[in-house]
Amino acid sequence: KQGITQVDSHLAEAKGRLLMQPWWLDWTAGLFPVILAVFLLRSFLFEPFKIPSSSMLPTLLVGDLILVNKYHYGVRLPVINRKIVANNDPKRGDVMVFRYPRDKSVDYIKRVVGVPGDEISFRNQQVFVNGEPAPLEALPPPGFYDEESMRYLSEFKEKLGEVEHRILVNPKAQPYYGPEDAHAFPFHENCRYSAEGVNCKVPPGHYYMMGDNRDNSQDSRFWGFVPDENIVGRAFFVWMNFGNLKRIGAFH
């Protein structure tokens, strides 16, 4: 089977052929360290994601390829996502990737607006944290140009915690949060909906998330709180956008 036809006069060659590993085993053994390094890197350190929607405009554009720091909020075991080493807690203003509470196979990216114990209100198109309005400053026209809708959108500078960032919101819009049965999520009794907006008390071990594109984001206002075990990591860097290389760099 090894293609050995002569033994007596070619003893050394015959021994070498017998001890030789199959080609596929050599090839696999050479790739194993690379596969292991990639697995460890993606599981515990950094993982790339692609922005699929416009919910985080103007901070992140559709097509941005971002890096997520997976150890910033603590080291977690792959698959079960259980935290084994604690690190930083999420803070207001962080951009965070997490598993969608209604379908954990789907990853979402939003901004942390409320941490455990906070009372978060979004009324009259403005965020209130524990009764205090988040500082909001209108940016000069023409605003942010949305290539998808081919129009300019009202742009503001908002401050959550220590983080200043830009958001898109139409001050004259009247948000609609759907029928009452749409709000049947865990701890839904912590939220109150009215014509002005929504008010929620963030339960322990959970976070309140919102997209920066406030009028075009399905977030905690609609499907509730994000539990700690759903956290994937903190997004911090755009490493590529093939349609706009100027996008490469850190973001807030």
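The table below lists the values:
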{"item": "Pair list, Cβ < 6 Å and 6+ apart or interchain, from the stretch 108-135 residues that are more than 14 Å from residue 211 (Cβ to Cβ) and at pLDDT below 95 to residues that are part of a strand (DSSP E or B) and open to solvent by less than 10 Å² (accessible area, probe 1.4 Å)", "result": "123/197"}
{"item": "Scope the stretch 76-104; condition among the aliphatic types (A, V, I, L, M), out of contact with any Lys or Arg (no Cβ under 7 Å at 6 or more places or on another chain) and surrounded by 16 or more Cβ atoms within 10 Å (Cβ to Cβ); matching residues", "result": "97"}
{"item": "Selected residue (only one of 143, 178 is in contact with a strand residue (DSSP E or B) (Cβ under 7 Å, 6 or more places away or on another chain), on the phi > 0 side of the Ramachandran plot, at pLDDT below 95 and open to solvent by less than 30 Å² (accessible area, probe 1.4 Å))", "result": "143"}
{"item": "Answer from 198, 238 - the residue that is open to solvent by less than 20 Å² (accessible area, probe 1.4 Å), part of a strand (DSSP E or B) and within 17 Å of residue 122 (Cα to Cα)", "result": "198"}
{"item": "Checklist (1) over 23 Å from residue 65 (Cβ atoms); (2) touching a strand residue (DSSP E or B) at 6+ places or on another chain (Cβ under 9 Å) applied to residue 204, failing item", "result": "(2)"}
{"item": "Subset tally (residues that are in a loop (DSSP other than H, G, I, E, B) and either under 14 Å from residue 112 (Cα atoms) or under 18 Å from the mean Cα position of the chain (by Cα) (or both)) for the stretch 204-222", "result": "8"}
{"item": "Filter pass, residue 156 being crowded, with 19+ Cβ neighbours inside 10 Å, in contact with a helix residue (DSSP H, G or I) (Cβ under 7 Å, 6 or more places away or on another chain) and modelled with pLDDT of 95 or more", "result": "no"}
{"item": "Residue within the stretch 41-52 that is at pLDDT 90 or above, within 16 Å of the chain's Cα centre (by Cα) and among the polar types (S, T, N, Q) present", "result": "no"}
{"item": "Residue in the stretch 160-168 that is part of a strand (DSSP E or B) and without any contact (Cβ under 8 Å) to a residue 12 or more places away in the chain present", "result": "no"}
{"item": "Odd one out for residue 190, checked against (1) under 23 Å from the mean Cα position of the chain (by Cα); (2) more than 26 Å from residue 57 (Cα to Cα)", "result": "(1)"}
{"item": "Qualifying positions in the stretch 69-82 - modelled with pLDDT of 80 or more and either part of a strand (DSSP E or B) or basic (Lys, Arg) (or both)", "result": "69, 70, 75, 76"}
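The values are calculated or read from the model by the stated rules, or taken from the named source; none is laboratory data. A quick note: this is a predicted structure, and the numbers were derived from the prediction, not measured. Note that we place each Cβ from the backbone using ideal geometry, even for glycine, and neighbour counts take in every protein chain shown. Ligands, DNA and RNA are stripped out before the accessible areas are found, and what is left, the full protein with its side chains, is counted by its heavy atoms. Shrake-Rupley method; radii C 1.70, N 1.55, O 1.52, S 1.80 Å.
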